[in-house]
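Heads up: the structure comes next, in structure tokens.
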Number of protein chains: 2
Amino acid sequence: MSDASGSSGAPAEPAFAGGLLPAVAQDVETGEILMLAWMNEESWRETLASGRACYYSRSRQRLWRKGEESGHVQEVAEIRLDCDRDTILLKVRQIGGAACHLGYRSCFFRQADEGRLEIVEKRIFDPDQVYVGKK
Amino acid sequence: MSDASGSSGAPAEPAFAGGLLPAVAQDVETGEILMLAWMNEESWRETLASGRACYYSRSRQRLWRKGEESGHVQEVAEIRLDCDRDTILLKVRQIGGAACHLGYRSCFFRQADEGRLEIVEKRIFDPDQVYVGKK
């Protein structure tokens, strides 16, 4: 079978083609989706080597070792690739309890409902305390 | 508070800026991540209006009403936006049990482990039966 048929044993490489691919971080225990970020090949290789999520920051245009400022690193428990190998799923343990730079466990803390965004999660930390002097 | 601080009541609009944004579909019951696809503003509006996931197919360059060929539509139970409003999370009920065109419940049916991709889920349907005459 070809890789397109979904066979086991295919190369475990995302199809970067020199660009960026979306990477979803999911809590390995609860199944909660914590965030979506981007990876290039270099960040992928560092993630594999270090066992911690490393993304590529589009705004800073450099590798982004998740938690490098906040200490809230993501330990990678499992990696999945999708059928087209163009999306990465990291099942992680979120150290510090919060993935979002705004202090929420998940970046998806707001629900779109009847044309408005409503916060549906509790803030875990105050960003002004965690990122003091780092802005 | 500004929208950037994560306040409630912000406009419930993703920041499309004329382009595409990633949209993650998650099973509303199990928390399983089913797939990642892309949305433009038109597909977003159709999703809101119809209550069914409508994406934008980059390969076909047109709206992609999920399930339009297979019948495996996604009923949208809840919509979340992330802190930057540039990723959409759809919590869905996956009709037919399978989101992946290869016949698996999730497109993330393969695990990357020690340099190889291994199938870790069971196939639910045979694509050759579901998409007969539609290729």
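The values are calculated or read from the model by the stated rules, or taken from the named source; none is laboratory data. As the structure is a computational prediction, the values presented were derived from the model and not from experiment. Reconstructed Cβ throughout: ideal geometry from the backbone, glycine too, with neighbour counts over all protein chains shown. Each accessible area value is taken on the protein alone, full model and side chains, heavy atoms only, with ligands, DNA and RNA left out. Shrake-Rupley method; radii C 1.70, N 1.55, O 1.52, S 1.80 Å.
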Quiz item: Across bins of 10 angstrom width beginning at 0, how are the C-alpha pair distances of region B:18-125 distributed, in whole percent?
Solution: 15, 46, 30, 8, 0
Quiz item: Relative to the longest principal Cα axis of chain A, at what angle does helix A:41-50 sit, 0 to 90 degrees, rounded to 10?
Solution: 80
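Assuming R0 = 45 Å, what is the FRET efficiency of residue B:61 and residue A:93, from their Cβ-Cβ distance, to the nearest 0.05?
Working: r = 39 Å, r/R0 = 0.88.
That gives a FRET efficiency of 0.70.
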Quiz item: What's the extension gain from residue A:29 to residue A:13 if we count 0.36 nm per residue and subtract their Cα-Cα distance?
Solution: 3.3 nm
Quiz item: In terms of solvent-accessible area of protein heavy atoms at a 1.4 angstrom probe, what is the ranking of A:91, A:122, highest value first?
Solution: A:122, A:91
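Relative contact order of chain A, please, whole-number percent, based on alpha carbon pairs below 8 angstrom and at least 6 residues apart.
Details: 248 pairs, mean separation 28.5, N = 135.
This gives 21 percent for chain A.
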Quiz item: Taking a probe of 1.4 angstrom, what is the accessible area of residue A:35 in Å², to the nearest 10?
Solution: 10
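Which whole number in µm²/s is D for the protein assembly as shown by Stokes-Einstein, with the Kirkwood Rh taken over Cα pairs at 10 °C and 1.306 mPa s?
Numbers: Rh = 19.1 Å.
D, rounded to a whole number, is 83 µm²/s.
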Exercise. Convert each backbone phi in region B:74-79 into a coupling constant with the Karplus relation 6.51 cos²θ - 1.76 cosθ + 1.60 (shift: θ = phi - 60°), then list the ³J(HN,Hα) values in order as whole Hz, x for Gly and Pro.
Key: 10, 7, 8, 9, 7, 10
Quiz item: Counting only protein heavy atoms, what percent of the accessible surface of chain B is carbon or sulfur at a 1.4 Å probe?
Solution: 46
Practice problem: Give me the distance between the Cα centres of region A:42-58 and region B:7-71, rounded to whole Å. | Solution: 27
Exercise. For A:125, A:109, give the ranking by accessible area with the largest first, probe 1.4 Å.
Key: A:125, A:109
Practice problem: Taking a label point 7 Å out from Cα toward Cβ, give me the nm distances from residue A:30 to the same spot in the other copies, shortest first, one decimal. | Solution: 2.0
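If each DSSP helix of 4+ residues adds -39,500 (n - 2.57) and the sum is divided by the residues in chain B, what number results at 222 nm, nearest 500 deg cm²/dmol? Mind showing how you got there, number by number?
Numbers: 2 runs with 14 residues, N = 135.
Only helices count here, giving -2500 deg cm²/dmol.
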Quiz item: Which value, in Å² and to the nearest 10, is the accessible area of residue B:128 when all protein chains are kept and the probe is 1.4 Å?
Solution: 90
